[in-house]
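Reviewing the structure listed below.
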Amino acid sequence: MADPSARVTATFAEEEGLEDIVEEPEEMEQKWEAEAEDAITALRRCEAGEGTPALAASSLEGEILVLELASGKTMYELDGHKGGTTCLGVGKDPSRLASGGEDGRIKVWDLTTGQLFSSTDCFQEGDRRKGSVELIACNSCSDYFVAAYGKDVWVVAFTESESAMRLESLTTSVAALALSKAMTVHVATDGKLHLYEDLGKGKISYLEIDHAMNALGVDPSGKWVVAGCLNKLVHVWNMDSGESFEIKGISSKVKICAFDASGEKMVSNSGPAALVWPFDGEGPAGRVPCYLHAHESPLEAASWGPGGNGLLATGGAEGLLIVWDAKESRATYMPNGSRGPDVLAVVAVAEHDDGVTVLEWADSSTIVAGYESGAIVCWEM
């Protein structure tokens, strides 16, 4: 296997105008590795047993592994979902884990014991299932989460076993889902953004666009909402002013839209590159993003570091994991002297045998990556 630092440096240097700012990054060390039966679909930081820091990992095989974060040792192996577990969520209480899967069920697990706390069938007995539970959205301030099953949106409590409520059955399938700190549920369907204030108990409103949405991001203040679209653009709403606009010039359908803890930066994918957009002040309109191109294959995952530490991790289908320093961008200049795209410094890099599927930070210097093979690797800078 080639030296991952050299691979990243070479790929970065291939970009015209970036040759003079390339620095060889640190190579991350593997802290531990665990293995699931199939490709990893989700990773979530949690607590298990008597408050032990842990990591929940789901796979296409269906099982959910709960691993001790310090060692990677298996604390619990949960049955998960028949046909595959597709999504996980953790809310206010880190010892409660939500999961959804191909069986059309939403489950809540009590990680103090490793036992199932509640299970909700999203289909009526005798009805033909309409699909799987593909999406879960939650936040660290709430005891509730939302889940999407086909055209249906559900609200479920982490702490009440009989709490599940179907919020609405829509006319088209849910493509993306988000839950703001103000407890507004954001639901993206084909060309329409549905907003349900106070978990559906308050005002309900709709915003329409001419594009099919594929990803959603909401900044911590709730001012900015962004939607990644299938036709290679990002639609942006300023919820304070009611204005909206489009960001174009993206080379692939957008499946990643994630704000950092400050709400001043948002990362999206563009083929093998990551684009970091400025959302401070008046937002990204008329401004150029930082262009991060060091992956050799399509970008599959991106995750901001915890506590606003200014780090951004990206993972690609070629197996590279790259950590960028987003605290300060660097200007670049083309051979003719014109201003090129701003870039970020590469801090560290790691490489595995197969493609990255998901990323989750363990702490400010440690990140866990899930892979297509079912490997779960904890990397340390």
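Which far-off residues, 5 or more places away or on another chain, put their amide H under 5 Å from the one on G104, with H placed in the peptide plane?
Correct list: V133.
Let me check against my output: what whole-number percent is the relative contact order of the chain, with C-alpha pairs under 8 Å and at least 6 apart?
Relative contact order of the chain: 14 percent.
Before rounding to the nearest 500, sum -39500 (n - 2.57) across all DSSP H runs of length at least 4 in the chain and divide by the residue total; then give [θ] at 222 nm in deg cm²/dmol.
-1000 deg cm²/dmol
How large is ³J(HN,Hα) for each residue in segment 358-369, as worked out from phi by the Karplus curve 6.51 cos²θ - 1.76 cosθ + 1.60 (θ = phi - 60°), to whole Hz, x for Gly and Pro?
Each residue's phi maps through the Karplus curve to give 8, 9, 8, 6, 8, 7, 5, 10, 9, 9, 10, 10 Hz.
Just the number, please: carbon plus sulfur as a percent of the accessible area of the chain, 1.4 Å probe, no ligands or DNA/RNA counted.
With neighbouring chains kept in place, the figure for the chain is 43 percent.
Over the chain, give the accessible area per residue in Å² for a 1.4 Å probe, as an integer.
About 42 Å² of surface per residue is accessible.
So what are the ³J(HN,Hα) numbers for segment 303-313, from phi and the Karplus equation (6.51, -1.76, 1.60; θ = phi - 60°), rounded to whole Hz, Gly and Pro as x?
Residue by residue, segment 303-313 yields 8, 7, x, x, x, x, 7, x, 9, 10, 9 Hz.
Run through segment 148-179 and list the GluC sites (Glu not before Pro) located in a DSSP loop whose Cβ has at most 10 other Cβ atoms within 10 Å.
E162
Using the alpha-carbon centroid of each, what span in Å lies between segment 126-176 and segment 292-314?
What the calculation gives is 28 Å, centre to centre.
Please list, ordered by chain and number, the residues whose modelled amide H lies under 5 Å from the amide H of S59; skip anything fewer than 5 residues away on the same chain.
T41, T85
The values are calculated or read from the model by the stated rules, or taken from the named source; none is laboratory data. Quantities reported herein were computed from a predicted structural model and do not represent experimental measurements. Please note: Cβ atoms are built from the backbone with ideal geometry, for glycine as well, and neighbour counts cover all protein chains shown. Just the protein is used for accessible areas: all its heavy atoms, side chains included, with ligands, DNA and RNA removed. Shrake-Rupley method; radii C 1.70, N 1.55, O 1.52, S 1.80 Å.
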